[in-house]
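Below you'll find the structure, written out as structure tokens, and then a few comments.
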Amino acid sequence: MPLSGKQFTDLIPQLQSICGKTNVIYHADELRVYECDAYTLEKMPPDAVVLPGNTSEVEAVIKLCRDRNLAIIPRGSGTSLSGGVLAVDGGVVIGLSRMNRILDVDFRNRRALVEAGCINVHVTQAVQSEGYLYAPDPSSQFACTIGGNVATNSGGPHTLKYGVTTNHVLGMEMVLPDGETVWLGTQPGGPEDIDGCDLRGAAIGSEGMFGIVTRVLLRLIKAPQSCKTMLGIFESVDDAASAVSDIIAAGIIPAALEMMDQLIIQAVEEAYKFGFPLDAGAVLIIELDGQTTGLSSLTDQIQDICRNKQAREVRIAASKEERALIWKCRKRAFGAIGRLSPNYLTQDGVVPRSRIPEMMKFIKQTAEKYQLRIPNVFHAGDGNIHPLILFDEKDKDQVKRAIQAGHDILGKCIDFGGSISGEHGIGVEKVDFMSRQFSPEDLEAMMKLRKTFDPDMRCNPDKCFPSASRCIDFTLKKQISA
Amino acid sequence: MQLTASHIEDIESAFESARETGARISSIHLPGFQKLLDHHPENLTATVEAGMTLQAFQEKLSTAGQWLAVDPPNPERLTIGALIAENVSGPRRFGLGTVREHLIGMKAVLADGSIIRSGGKVVKNVAGFDICRLFVGSRGSLGIILEASFRLNPLPESEMIMGCQTQSSEETEDLLEAIMKSDLNPMLLDLHNLGTEEQSASYGYWQIMVGFAGTREETQAQMHSLNNLNPFKVTTLDYLNRFGNSDSDATPETTAVRPSEVVEYCEQLGSTKFVARAGNGVIHHHDSSHAGKLARNPQVLLDRLKSTFDPKGILAEIS
């Protein structure tokens, strides 16, 4: 519940005494920065935001909130696309942005210890001169934090070959909602294996609902000896989608296999001037990496597959700069959408890879049904779709249609035996779909796991599972905004 | 007590009697759960019942040129359920990871009799909490795994195992470090003192084992680069049998250290036979005086997990 005036005036000085005056934000106008994340359909400011500088300050803040029975909401850079850090019912946001250091890099054991607020790309930047990298590379990697990546088990284009966050986090320090600090998984300076259940694995992807992660031990990998980035240019999405299926079916696992459809190609071209053909139906970005020697025969094989699927052309990036530009276009594609529409809503459902052609047809039909434009730029190799449903928030009917189109697409992912989220998480956005993908028993077991970490359910409440209080307020708000 | 189940009803009645007698279910056999439920080669995924042995599963997958990329010992006896619950691994874990990296979905029966699913059948999925991984290494303490879905790998076109004898611990560490820091991408990096096939009777010398997998072109190229670092000879994984079938039938001890500490640790073992996963820091040996304990999970969480998932304590102890 939002705080009363007296509760509030008591709380602020105490938070300030823990973290310093400048690190507590509580004026209404300043709190607006924290009223939403990159999912902008809902806006709910917290009562206060506190920016601790180390684990003991986090502990002290959490104990204070525990004693006052206040909700705590962890926040990294606020790049979540599903409303994962919304203060649905008020509470204290614990922002980890000041805890952004790389504490230790151990090349011999291929590990790096970082604070939870460390920006994803800073890890790779810190180790690449020695030939290492941190593999998960979400498109927001220049802004998003490792702690946020842990919360949503983030992916990225290169996770097709290398896996997602859970495959690259060895261990983590977490302050539980009762104020006790625990270490899950491999300890810094300790051996990789630990005894018993994989609690680190259980906590990754828990959307900040188990506790506040403060430090993370990452696995570093050796950068591949070389890589080859190709652009397959197709007349239609159908042809490109069948090429994706054929590449996977041929037993080739590229480092990345991404698709952009015509609308996205046009927006990206206008923004970044790469030289994409504006009349192409779809483009596949196919990246192979590994030992230099093996790459040429695989490249030939992929070119053959693309040509068999009527590719107009398969271009190979000629230089590092060209490769970097291709990835800039891909990773900043969402940013180029501003040229097409004032607002967009994106989904990240997953379908079995062989169903991609059917799914793309369904998205097209959905766009026609609701008279909306839905460009697509997505992780085709993983079956992880990203339809960008364009709308103008000033047009209330369009907002309603956009939400409905998103729901239809998620429903289809479930019908195809897939999942409602591949990397963005459930947040507040997809709560209503959980009971379509999971049975009451499945959800009950998840709730048991949550209560193991947070018996009072005060940590990032009202996410993932519908709760009584949230249902009423939230549905109302949703209807109003729609 | 031992649970042997041909049907789900057998599990229910075993739970019932465990609740009545207060005896814990400490060993699980699922002879009635051995079916391959689906295999989609075009998606590189498969779902299998937990009672099937890993070997039988791999044989079925191999018909489509695919496999579950784990290689624990005794796959002919190891069931899929035990693979997950015991979290066992083999020498190729350096390049391919352990079972947690490949598990994408699971069906299990909990102590209260409810049947739950977690994850799914697609390779990327963050919907809901990751109960699949909670069950990895849980040793039957939270529930009984009935089915598991995995992401699969294509079987590599070629695999090459190379061995090299070293003369001193300094040389060993230098070479291991050079391999770890090189451009090579080994799937396997072991260290042992079991001799070579020809000199199997004489222990004492250490051997560094490096394995490569991929296209023929790739493995050949890597083999060549490795030989530029230091001369290696093409060999086999036969040393693993020499460790397993040794004079003592006792279960080997397992110690875990950081990879950088492997050489120092193995030196302390003296003439005791050992096989070490040098890239991961896991050492199997027969010296009980050196039995190293693994770090444990936070007790506060284990206690709460057990009391929420198995309040009557009918399943194995948790760790």
Selection from the stretch A:200-229 of residues crowded, with 20+ Cβ neighbours inside 10 Å, aliphatic (A, V, I, L, M) and over 18 Å from A:ARG450 (Cα atoms) yields A:VAL216, A:LEU217, A:LEU218, A:LEU220
In the stretch A:143-176, residues that are open to solvent by 20 Å² or more (accessible area, probe 1.4 Å), within 13 Å of the chain's Cα centre (by Cα) and away from chain B (no Cβ under 12 Å) total 2
Inset, instruction - Evaluate the stretch A:167-180: report whether one residue or more is touching a residue at least 12 places away in the same chain (Cβ under 8 Å), closer than 25 Å to B:LEU294 by Cα and small (Gly, Ala, Ser). - result: yes
Considering the stretch A:382-427, residues that are within 13 Å of chain B (Cβ to nearest Cβ) and assigned to a strand (DSSP E or B), and then whichever is nearest to B:PHE150 (Cα to Cα), we arrive at A:SER419
Wholly inside the stretch A:281-353, strands (runs of 3 or more DSSP E) that include 3 or more residues that are within 23 Å of the chain's Cα centre (by Cα) and away from chain B (no Cβ under 12 Å) are A:282-290, A:343-346
Only one of (1) farther than 22 Å from A:SER206 by Cα; (2) surrounded by fewer than 21 Cβ atoms within 10 Å (Cβ to Cβ); (3) modelled with pLDDT of 95 or more; (4) not acidic (Asp, Glu) does not apply to A:LEU3, and that is (3)
Picked from the stretch B:27-46 (must be assigned to a strand (DSSP E or B) and surrounded by fewer than 17 Cβ atoms within 10 Å (Cβ to Cβ)), the residue farthest from the other protein chains (Cβ to nearest Cβ) is B:HIS29
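If we keep just the residues of the stretch A:130-142 that are of a type in the set (Phe, Trp, Tyr) and open to solvent by less than 20 Å² (accessible area, probe 1.4 Å), which is farthest from A:SER80 (Cα to Cα)?
If we filter the stretch A:130-142 for residues that are of a type in the set (Phe, Trp, Tyr), which is where we start, we get A:132, A:134, A:142.
Keeping just the survivors that are open to solvent by less than 20 Å² (accessible area, probe 1.4 Å) gives A:132, A:134.
Values: A:TYR132: 27, A:TYR134: 20 Å.
Among those that are of a type in the set (Phe, Trp, Tyr) and open to solvent by less than 20 Å² (accessible area, probe 1.4 Å), it is A:TYR132.
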Quick one: would you say A:PHE274 is touching a Leu at 6+ places or on another chain (Cβ under 8 Å) and surrounded by 24 or more Cβ atoms within 10 Å (Cβ to Cβ)?
no
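I need a count of the residues in the stretch B:219-252 that are at pLDDT below 90 and open to solvent by 30 Å² or more (accessible area, probe 1.4 Å). Outline the logic, then answer.
To start, the set of residues in the stretch B:219-252 that are at pLDDT below 90 comprises B:241-252.
Narrowing the set further to residues that are open to solvent by 30 Å² or more (accessible area, probe 1.4 Å) leaves B:241-242, B:244-245, B:247-252.
Of the residues in that region, 10 qualify.
When you look at B:GLU49, is it farther than 21 Å from B:SER158 by Cα and surrounded by fewer than 16 Cβ atoms within 10 Å (Cβ to Cβ), yes or no? It would help to see each step written out before you state the result.
On the way: farther than 21 Å from B:SER158 by Cα: yes; surrounded by fewer than 16 Cβ atoms within 10 Å (Cβ to Cβ): no.
Spelling it out, it is not the case that B:GLU49 is farther than 21 Å from B:SER158 by Cα and surrounded by fewer than 16 Cβ atoms within 10 Å (Cβ to Cβ).
Here are some residues: A:LEU325, A:LEU295. Which one is in the same structural domain as A:ILE265 (by TED's automatic domain parsing) and open to solvent by less than 20 Å² (accessible area, probe 1.4 Å)? Explain how you work it out, then say what you get.
Values: A:LEU325 fails: open to solvent by less than 20 Å² (accessible area, probe 1.4 Å).
None of the other options fit; the residue is A:LEU295.
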Residue count, the stretch A:411-432, condition surrounded by fewer than 24 Cβ atoms within 10 Å (Cβ to Cβ) and closer than 16 Å to A:VAL351 by Cα, comes to 6
Of the conditions (1) closer than 30 Å to A:ARG450 by Cβ; (2) touching a Ser or Thr at 6+ places or on another chain (Cβ under 8 Å); (3) outside any helix (DSSP H, G or I), the single one that B:ALA85 does not satisfy is (3)
B:PHE33 passes all but one of the listed conditions (1) under 20 Å from A:ILE253 (Cα atoms); (2) in contact (Cβ under 8 Å) with a residue 60 or more places away in the chain; the exception is number (1)
For the stretch A:45-69 the number of residues that are buried (at least 21 other Cβ atoms within 10 Å of the Cβ) and within 22 Å of A:SER206 (Cα to Cα) is 9
The correct count of residues that are at the interface with another protein chain (Cβ under 7 Å from one of its Cβ atoms) and either open to solvent by less than 10 Å² (accessible area, probe 1.4 Å) or of a type in the set (A, V, I, L, M, F, W, C) (or both) in the stretch B:129-141 is 6
- prompt: Does B:SER118 meet the test of being over 20 Å from B:ASN43 (Cα atoms) and either at the interface with chain A (Cβ under 9 Å from one of its Cβ atoms) or surrounded by fewer than 22 Cβ atoms within 10 Å (Cβ to Cβ) (or both)?
  reply: no
message: Among the residues of the stretch B:185-193, are any over 22 Å from B:LEU36 (Cα atoms), more than 10 Å from every other protein chain (Cβ to nearest Cβ), touching a Pro at 6+ places or on another chain (Cβ under 6 Å) and assigned to a strand (DSSP E or B)?
response: yes
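Would you check if A:ALA445 is in contact with a strand residue (DSSP E or B) (Cβ under 9 Å, 6 or more places away or on another chain), assigned to a helix (DSSP H, G or I) and either of a type in the set (D, E, K, R) or facing chain B (nearest Cβ under 9 Å) (or both)?
Numbers: in contact with a strand residue (DSSP E or B) (Cβ under 9 Å, 6 or more places away or on another chain): yes; assigned to a helix (DSSP H, G or I): yes; either of a type in the set (D, E, K, R) or facing chain B (nearest Cβ under 9 Å) (or both): yes.
In short, yes.
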Reported set for the stretch A:351-371 where residues are open to solvent by less than 20 Å² (accessible area, probe 1.4 Å), more than 22 Å from A:ARG401 (Cα to Cα) and in contact with a Lys or Arg (Cβ under 9 Å, 6 or more places away or on another chain) is A:VAL351
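For the stretch A:214-237, give me each residue that is of a type outside the set (S, T, N, Q) and within 14 Å of chain B (Cβ to nearest Cβ).
The initial filter retains those residues of the stretch A:214-237 that are of a type outside the set (S, T, N, Q), namely A:215-224, A:227-228, A:230-235, A:237.
Within the stretch A:214-237, A:LEU217, A:ARG219, A:LEU220, A:ILE221, A:LYS222, A:ALA223, A:PRO224, A:CYS227, A:LYS228 qualify.
Within the stretch A:91-113, does at least one residue satisfy the condition of being among the basic types (Lys, Arg) and more than 25 Å from the chain's Cα centre (by Cα)? Spell out the reasoning first.
Residues of the stretch A:91-113 that are among the basic types (Lys, Arg), as a first pass: A:98, A:101, A:108, A:110-111.
From what is left, the residues that are more than 25 Å from the chain's Cα centre (by Cα) are A:108.
Yes, the stretch A:91-113 contains at least one residue that is among the basic types (Lys, Arg) and more than 25 Å from the chain's Cα centre (by Cα).
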The number of residues in the stretch B:142-162 that are within 9 Å of chain A (Cβ to nearest Cβ) and surrounded by 24 or more Cβ atoms within 10 Å (Cβ to Cβ) is 2
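Taking the stretch B:296-316 as the region of interest, how many residues are open to solvent by 30 Å² or more (accessible area, probe 1.4 Å) and either facing another protein chain (nearest Cβ under 10 Å) or in contact with an Asp or Glu (Cβ under 6 Å, 6 or more places away or on another chain) (or both)?
Kept after step one, since they are open to solvent by 30 Å² or more (accessible area, probe 1.4 Å), are these residues of the stretch B:296-316: B:296, B:299-300, B:303-304, B:307-308, B:311-312.
Then drop every residue that is not either facing another protein chain (nearest Cβ under 10 Å) or in contact with an Asp or Glu (Cβ under 6 Å, 6 or more places away or on another chain) (or both), which leaves B:296, B:299-300, B:303-304, B:307-308.
Final tally of qualifying residues: 7.
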Notebook entry, point to check: Based on what the data block shows, is A:ASP246 open to solvent by 30 Å² or more (accessible area, probe 1.4 Å), away from chain B (no Cβ under 12 Å) and in a helix (DSSP H, G or I)?
Noted result: no
Selection over the stretch A:448-459 where residues are more than 7 Å from chain B (Cβ to nearest Cβ) and open to solvent by 40 Å² or more (accessible area, probe 1.4 Å) yields a count of 3
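The values are calculated or read from the model by the stated rules, or taken from the named source; none is laboratory data. None of these values were measured; they are calculated from a predicted model. Reconstructed Cβ throughout: ideal geometry from the backbone, glycine too, with neighbour counts over all protein chains shown. Ligands, DNA and RNA are stripped out before the accessible areas are found, and what is left, the full protein with its side chains, is counted by its heavy atoms. Shrake-Rupley method; radii C 1.70, N 1.55, O 1.52, S 1.80 Å.
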